[in-house]
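Worksheet: one structure, shown below.
Taken together, the values in this text are just the output of simple stated rules run on the coordinates, not laboratory data. These figures come from a predicted structure and were not determined experimentally. Don't worry about glycine lacking a Cβ; one is built from the backbone with ideal geometry, like all the others, and counts go over all protein chains shown.
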Amino acid sequence: MPFATHLFISYAHIDNQPLSPEAKGWVCRFHVALEALLGMRLGRRPRVWRDRKLSGNDLFSDEISEQLKSSAVIASVLSDSYTASAWCKREVREFCEAAEAAGGLVIGNRCRVFKVIKTPVASQEALPAEIRGTLGYDFYVVEEDGTALELDSVYGEKYGQLFAQRVARLALHMAELLKKLEPDNDGGPANGGKAALNSLADARALSLGEARASVYLAECAADREEDRERLSAELTLRGYSVLPSEPLPRDEASYLTKVGELLERCALSVHLVGKLYGDAFGESGKSGAVIQNELAAERARTGHLRRLISVPADSSSKQPQQAEFIEQIHTNAEAQRGADVLTSDLEGIKTALQRALLSLTEAMPEALKLASEDQPRLIYLICVEQDRGELLPLLRALSAQGFEVRLPAFSGEAAAVRQSHEALLRDCDAALLFYGRGDEAWRNHQQNELRRAPALRARPLSARYTCLGAPLTEDKQLLLASGERNVIDAVAGFSTEALQSFVTLLDRIPSAKAAS
């Protein structure tokens, strides 16, 4: 159903107090960043509402009630001030009630309430029961001395970078939900997509492909949370589903069951081990990281699970339990089972992750390749890293048509990046060269790579197009003036109409996976 407002931002007034006279408040900056990134992911400007007149003497107005009823999702900026505010609690409660009456509070596996945790909250008991256990987005870090700092560039550049990364992740998840909530012109979900599963073959293909498309990124202690956020964003951008996607149970029996179920859905797990032990369960005294590693090792022994365990070379812990865990990771064969133990930095972890994902793709069961005659066509979208932010409307349009889109690897060792590039050239159904911030020499190099692609492939490349993006250059003007049929003009902005000839061509061909 259509909504008058996409996003309602609910917050406590005190959480928007600027830290200096010339600065804007935290919530103001959060609002601006989220609105911009959400717009990029939706392909249009979102309608965002936030009450800018909040004060202790204001009444809960009819305008707020109407906005809550007409909003698709709400972002609750949580803090102890928020959970203590009767006004804030009323906002989120009224939204939950309105959402249940208009499409439901939970769509798929995602709640329409997004909890933005600005600072740690002593208790969420004051919030509606329906959202206490939902996924939250931490906008703070805990320093080694236990101090919790909200992500704010006033504390240093790295905090500003983390703020931007977590807003981007939030915007991505929020856009995915909004596309499901608002219908498109054909009456389907706003993310378009092909029809829902309508045959046994489709269901079988999904079940076989789920493990390849899902990565278990284990919960970790606070000192490795920043690395986990970055890996999660990297995997999401590459089209992988990151599990767990919602908070895990906090009683040990339920925790064991849930983690086991999630691991069964994955072919790869990643474990980040640092200096801190993390929260321990009362029954066994084991931390979540220890339990997850044990369950993953067991799965690797009895099933097919590849694992990566990251323990930085300088990791030594003053906590006896964590020191023992680190020692086991390095010396105990059972703790290491099925795993590559990495002592490298984050870039080294990314390189190892790329290799693991590539090997899983190459080792895909033959049953998956033959499971459906109408598998999604794979598009290799070649671009420079600086253009990634400009590609969101294009990615959304291609995904809406049911295509699988992969981008190049942008980091890691040169050999691993090259290997990933050649694998995508080999396996894709079509190549789309996005010529934006890359220069003329870069375009010529990529064109030569595409001309050499047949040497890697079992059958010819079905389609090869170039999409021109900003800025306009003399070289791009010549391409436009030449009248080439396989050139898409998006210099002034992307349109689905310009993409039509490319989409029409791909719709006529079977996927390479189905044909192999």
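Restricting to Cα atoms and excluding each atom paired with itself, what does the Kirkwood estimate give for region 121-177 in Å?
Values: mean 1/r = 0.0760 Å⁻¹.
Computed over region 121-177, the radius equals 13.2 Å.
How much FRET efficiency would the formula 1/(1 + (r/R0)^6) give for Ser501 and Gln165, where r is the Cβ-Cβ distance and R0 is 30 Å, rounded to 0.05?
Given R0 = 30 Å and the Cβ-Cβ separation, E is 0.25.
Does the chain classify as rounded, prolate or oblate by the C-alpha gyration tensor (a ≥ b ≥ c root eigenvalues; a/c under 1.5 gives rounded; else a/b over b/c gives prolate, otherwise oblate)?
Oblate, because a/c is 1.5 or more while a/b does not exceed b/c.
Work through the residues other than Glu100 whose Cβ is under 13 Å from its Cβ and net out their charges, Lys, Arg +1 and Asp, Glu -1.
Cβ neighbours under 13 Å give a net charge of 0.
Quick check on region 253-332: take the gyration tensor over C-alpha atoms, sort the square-rooted eigenvalues as a ≥ b ≥ c, and tell me if it's rounded (a/c under 1.5), prolate or oblate.
Note, shape of region 253-332 comes out oblate.
Name the GluC sites (Glu not before Pro) in region 92-124 that are in a loop by DSSP and that have at most 11 other C-beta atoms within 10 Å, would you?
Sparse-neighbourhood loop GluC sites (Glu not before Pro): none present.
Looking at Ser316, Leu272, Ala352, which one has the Cα that reaches farthest to the positive end of the dipole of the chain (charges on Cβ: Lys, Arg +1; Asp, Glu -1)?
Ala352
List the residues whose amide H sits under 5 Å from the amide H of Ser214, counting only those 5 or more places along or on another chain, with H placed 1.01 Å from N in the peptide plane.
Here Ser241, Ala267 satisfy the definition.
Relative contact order (percent) for the chain, with alpha-carbon contacts under 8 angstrom and 6 or more residues of separation? Please report the intermediate quantities before stating the final value.
Working: 804 pairs, mean separation 54.4, N = 516.
Averaging sequence separation for qualifying contacts and normalising by length gives 11 percent for the chain.
Before rounding to the nearest 500, sum -39500 (n - 2.57) across all DSSP H runs of length at least 4 in the chain and divide by the residue total; then give [θ] at 222 nm in deg cm²/dmol.
Value at 222 nm, helices only: -13500 deg cm²/dmol.
Explain nothing, just the number: dipole magnitude of region 200-362 about its Cα centre with +1 on each Lys and Arg Cβ and -1 on each Asp and Glu Cβ, in debye rounded to the nearest 20.
Roughly 440 debye, rounded to the nearest 20.
In nm, what is the difference between 0.36 nm times the number of residues separating Thr473 and Ser20 and their Cα-Cα distance? Walk me through the numbers before you get to the answer.
Details: separation 453, 0.36 × 453 = 163.08 nm, distance 4.30 nm.
Full-extension gain reported as 158.8 nm.
Inverting the mean 1/r over all pairs of different Cα atoms, compute the Kirkwood radius of region 200-362 and quote it in Å. Don't skip to the answer; put the middle values down first.
Numbers: mean 1/r = 0.0622 Å⁻¹.
When all Cα pairs of region 200-362 are included, the Kirkwood radius is 16.1 Å.
Just tell me, in residue order, which DSSP H segments of the chain are both 27 angstrom or longer along the helix axis (alpha-carbon based) and at least -1.0 in mean Kyte-Doolittle hydropathy.
Span-like helices, by this rule, are 157-181.
If we sort 72-85, 6-19, 155-168, 442-455 on the protection proxy, mean other Cβ atoms within 10 Å, highest first, what's the order?
Output ranking for 72-85, 6-19, 155-168, 442-455: 72-85, 6-19, 155-168, 442-455.
Assigning unit charges at the beta carbon (Lys, Arg +1; Asp, Glu -1) and nothing else, what dipole magnitude in debye, to the nearest 20, does the chain show about its Cα centre? Please report the intermediate quantities before stating the final value.
Working: 61 positive and 72 negative charges, 288 e Å.
Charge dipole of the chain: 1380 debye, to the nearest 20.
Per 0.36 nm of contour for each residue apart, how much would the distance between His304 and Val142 grow if the chain were fully extended, relative to their Cα-Cα spacing? Mind dumping the intermediate values first?
Values: separation 162, 0.36 × 162 = 58.32 nm, distance 3.53 nm.
Between His304 and Val142, full extension yields an extra 54.8 nm.
Please report, in debye to the nearest 20, how large the charge dipole of region 452-502 is about its Cα centre when each Lys and Arg carries +1 at its beta carbon and each Asp and Glu carries -1 there.
On the way: 6 positive and 5 negative charges, 91 e Å.
My answer is approximately 440 debye.
What ranking do 287-295, 310-318 get when scored by the average of other Cβ atoms within 10 Å per residue, highest first? Before the final figure, lay out each step's value.
Details: 287-295: 22.0, 310-318: 15.4.
Highest mean packing first, the order is 287-295, 310-318.
Arg90 to Glu283: extension gain in nm, 0.36 nm per residue of separation minus the Cα-Cα distance?
Difference between extended and current length: 65.8 nm.
What order do you get for 267-280, 248-261 when each peptide is scored by the mean count of other beta carbon atoms within 10 Å, highest first?
Final packing ranking: 267-280, 248-261.
Looking at Ile9, Ser287, Ala99, which one has the Cα that reaches farthest to the positive end of the dipole of the chain (charges on Cβ: Lys, Arg +1; Asp, Glu -1)?
Positive-end residue among those listed: Ala99.
Putting +1 on Lys and Arg Cβ atoms and -1 on Asp and Glu Cβ atoms, find which of Ala168, Ala481, Gln124 reaches farthest to the positive end of the dipole of the chain.
Final value for the positive-end residue is Ala481.
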